[in-house]
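Input: a single structure, listed below in structure tokens.
The values are calculated or read from the model by the stated rules, or taken from the named source; none is laboratory data. As the structure is a computational prediction, the values presented were derived from the model and not from experiment. Neighbour counts run over all protein chains shown; Cβ positions are idealised from the backbone, glycine included. Ligands, DNA and RNA are excluded from the accessible area calculation, which covers all protein heavy atoms including side chains. Shrake-Rupley method; radii C 1.70, N 1.55, O 1.52, S 1.80 Å.
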Amino acid sequence: MAKQYDVVVIGAGPAGYVAAIRCAQLGLATVCIDNWIDDDGQPSPGGTCLNVGCIPSKALLESSERFDEAQGAFAEHGVRAKTVSLDLATMMARKEKIVADLTGGVQQLFRANGVAFVHGTARLRTGKEVEVERLDGKPPTVLKAENIIIASGSEPVQIPAAALVDDMIVDSSGALVFEEVPKRLGIIGAGVIGVELGSVWRRLGSQVVLLEAQESFFTMADGQVARAALKEFAAQGLDIRLGARVLDASVSDDKVKVRYQDGDGEHKLTVDKLVVAVGRRANTAALNAEEAGLKLDEWCLIHVDDQCRTTLPGVYAIGDVVRGPMLAHKGSEEGIMVAELIAGGARHVNYDHIPSVVYTHPEIAWVGKTEQALKSAGVEYRAGSFPFAASGRARAMGATTGMVKVLANAASDRILGVHIIGSQASELIAEAVIAMGLGASAEDLGMTVFAHPTLSESLHEAALAVGDNAIHIAKIRKPKK
Ligand code: FAD
Ligand code: NAD
């Protein structure tokens, strides 16, 4: 007989595990099914984010940044390091330990909250049943629940022009486990993964070439920020080739030979490793969606409304497997929302204020509308910006690259977007998210007291600049007569 729960959650990534914990906190009998297997054949809940995404990539970004700084930027502070050498095995072991600690932490949280966990692959059946092909040696199990939450996540898109080959042509997961620093590294796609992982290997010594199909760089970001980022990355040595379409890639003589085409014709590129980072697609193939009557859209994303209800009553879908940005925090918030809806509460996700962060150096972060989006929507706005070069704290840190830009409605002064490129942008953006969530105006931010000396003062000054009142930017004004 099928085992009965209040909620079955499919997937233990940041969307699913958060949903499961919140359901259990709200008193719902909850089981979470996940099929991730670690290198030892054991379950490893945490999904893409903890196993091969956010966490291991940030661990390597942090370590590689230290290595890069020790070779150059320390000297400016009068700190001389005579010989700096790389111990890649230790760097990788540190990253793996962080992953193991955090995935173990998810299992602990499940136990503490009374969430049952099943290691296996789930498929939907009709009548709110889920069949699990188990990975723990036990026979298939059928689970029944009043509510099902699908959080099966996403996987890297593959392209026929560059099929994966062992550890030579790899996806983002493969690019997190290279055992040696590739002398020349090619990356197809100069999106978020391309520039983050490209930065890691460039800092560790690779010559990195990124082949990007689009003519413009980082179209999702504010244009001014994207242009500044492209200039910075080029200065660091990331060779970003725009308008480049890969024709084919093959492995021979322990090298990867790539043929690509751009506006100037056909080119050849030889690299030691090639990373394919051209986006991700929803994991819906194993779900038995069609037979179960679950509607997918043309991208194979599960069709949901604003509160993540699918076309099947009592079945919800959250995270990368539904519309919206493929970001861990977006999926987690959807998980909390759905848990509270199931428990009879009211909750929504503010999709207009989901922050985006790119963890390069400098970091890039934004929330709300870009200038180009406001222009094309015909919204009248005022912009205020402040360069970190004029911030005392940024000078003390030696982090003068970049700026903060605040965009506010011309009539109401309500903040419509904040864009930051610079050190610690990932942390600074939270202040803008809170301000926008509370419906703040640029004047509200301008009247808020920020500690001195901090990088946050640049947000204050950018907000003041919306009203032309920034203090630390030189502007010749004529005295009033
Ligand atoms: P996932 O994390 O993909 O988890 C889904 C889980 O469901 C997986 O464990 C999968 O094995 C399991 N599963 C799938 N189908 C079934 C099934 N039928 N039965 C049982 N289990 C199933 N996002 C950020 O916000 N910040 C970052 O810094 C960031 N960095 C990233 C870096 C890289 C290299 C990558 C690849 C991604 C990064 N992301 C980042 C994106 C982030 O990882 C995803 O948005 C996030 O993991 C999505 O969460 P999810 O729970 O929806 O799905
Ligand atoms: P992406 O959409 O950010 O970038 C993919 C890039 O590849 C695009 O610029 C696209 O134009 C290009 N491209 C597509 N097909 C191509 C082709 N055939 N040849 C050359 N270029 C091609 O996707 P991604 O970098 O793979 O990341 C996947 C997802 O993971 C993103 O949605 C992102 O939100 C998430 N992610 C987030 C973070 C973060 O929050 N810091 C970090 C990594 C990944």
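Remarks
- Residue 114 being without any contact (Cβ under 8 Å) to a residue 40 or more places away in the chain and more than 16 Å from ligand 2 (Cβ to nearest atom): no
- Some residue of segment 439-449 being closer than 27 Å to residue 232 by Cα and either of a type in the set (Lys, Arg) or open to solvent by 40 Å² or more (accessible area, probe 1.4 Å) (or both): no
- Annotation for segment 180-189: no member residue is more than 16 Å from ligand 1 (Cβ to nearest atom), surrounded by fewer than 16 Cβ atoms within 10 Å (Cβ to Cβ) and closer than 30 Å to residue 12 by Cα.
- Of all residues in segment 101-116, those satisfying the criterion of being open to solvent by 60 Å² or more (accessible area, probe 1.4 Å) and within 16 Å of ligand 1 (Cβ to nearest atom) are 102, 109.
- Members of segment 42-91 that are open to solvent by 40 Å² or more (accessible area, probe 1.4 Å) and either among the acidic types (Asp, Glu) or within 16 Å of ligand 1 (Cβ to nearest atom) (or both): 42, 54, 55, 58, 62, 68, 69, 76, 87
- Selection count where residues are within 12 Å of ligand 1 (Cβ to nearest atom) and open to solvent by 10 Å² or more (accessible area, probe 1.4 Å), scope segment 152-169: 5
- Qualifying residue in segment 399-409 (condition: out of contact with any strand residue (DSSP E or B) (no Cβ under 7 Å at 6 or more places or on another chain) and not in a helix (DSSP H, G or I)): yes
- Any hit, segment 374-388, residues being open to solvent by less than 40 Å² (accessible area, probe 1.4 Å) and in a helix (DSSP H, G or I): yes
- Filter pass, residue 97 being under 28 Å from residue 236 (Cα atoms), in the same structural domain as residue 145 (by TED's automatic domain parsing) and of a type outside the set (Val, Ile, Thr): no
- All of (1) part of a loop (DSSP other than H, G, I, E, B); (2) open to solvent by 10 Å² or more (accessible area, probe 1.4 Å) hold for residue 246 with one exception: (1).
- Residue 57 at pLDDT 95 or above, of a type in the set (Gly, Ala, Ser), in contact with an Asp or Glu (Cβ under 7 Å, 6 or more places away or on another chain) and away from ligand 2 (no atom under 16 Å from the Cβ): no
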